[in-house]
Amino acid sequence: MTALRPLVLCGPSGVGKSTLIKKLFDEFPNRFGFSISHTTRPIRSGERDGYSYHFVTRDEFLRLVNQGKFLEYAEFSGNLYGTTASAVEAVSSSGNGLRRAILDIDSQGVKLIKQNHPYLNPVYVFVSPPCYNALRERLEGRQTDSQDAIQRRLRMAIHELAYARQPNSFDFVIVNDDLNRAYEMLRKIVLDTTEDLQSDQVPAVDAHEQHARKQIDSQSA
């Protein structure tokens, strides 16, 4: 059985990707599965190995890199993060080929998958904040990062937004200025693009998405 096309979600830290993914899983617990990444960062309170992430040492991570196990990987704040091919395959096999893998990765990961693993043929979705200041307020409001960490995330956001405005970088763009509306857009995207397993085509953008792309242009210009 042909596996469903993976869904790749990309966007700055704090934009709400995890919340959108959780809402999707809550509504469709048997249709979607999260691709669990590997990381070298320390495990946090409330996290479980093999559920939140696969927590490994740096040596273990680099060994997997040398073995060609990763579809994509990147480093942030001195910690490595990556997605293995087996993690994506595990989602499909858990649902007899009827469960769709969702990847939450950055723009560097998107580039690596496009360059090195085009056969994966995912649907690429970028989630954008309504504006740069809104993103900063969200990051500060979480109260989980130091000011230095927030500044690093904001600098990284500039690169993410710059990549998103390049032609053909993403199939869809969602501006998360209203959570319910953003979720309805994501829901429509994933349901529409689930129907055709083999096609390279994705539904045409609507007026709201065209407006979203204009907002990204204004933020990253």
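Bear in mind these aren't lab numbers, they're just calculated from the coordinates by the rules spelled out. It should be emphasised that the depicted structure is a prediction, and the values quoted were computed from it without experimental measurement. Note that we place each Cβ from the backbone using ideal geometry, even for glycine, and neighbour counts take in every protein chain shown.
A few points about this structure:
- Net length gained if the chain between H159 and D49 were fully extended (0.36 nm per residue, minus Cα distance): 36.6 nm
- Pairs of Cα atoms in the range 39-89 fall into 5 Å distance bins, from 0 up to the last occupied one, in shares of 5, 21, 32, 26, 14, 3, 0 percent.
- Per-residue 3J(HN,Hα) values for the range 21-36, derived from phi via the Karplus relation 6.51 cos²θ - 1.76 cosθ + 1.60 with θ = phi - 60°, read 5, 4, 5, 5, 5, 5, 7, 10, x, 9, 9, 9, x, 8, 6, 7 Hz in sequence order (x marks Gly and Pro).
- Debye log10 I(q)/I(0) at q = 0.22 Å⁻¹ for the range 1-113, Cα point scatterers: -1.41
- Cα Rg, Dmax (largest Cα-Cα span) when computed across the range 58-174, Å: 16.0, 45
- In this structure the amide hydrogen of V175, modeled in the peptide plane, comes within under 5 Å of the amide hydrogens of S128, none closer than 5 places in sequence on its chain.
- Summing charges over neighbours of E89, with a neighbour being any other residue whose Cβ is under 14 Å away from its Cβ, gives +4 when K and R count +1 and D and E count -1.
- Rounded to the nearest whole Hz, the Karplus-based 3J(HN,Hα) values (6.51 cos²θ - 1.76 cosθ + 1.60, θ = phi - 60°) of the range 49-65 follow the sequence 5, x, 10, 6, 8, 8, 8, 9, 6, 4, 4, 5, 4, 5, 5, 5, 4, with x at glycine and proline.
- Residues in the range 20-39 that a label on D59 would reach, taking backbone N under 19 Å of a point 7 Å out along Cα→Cβ: 39
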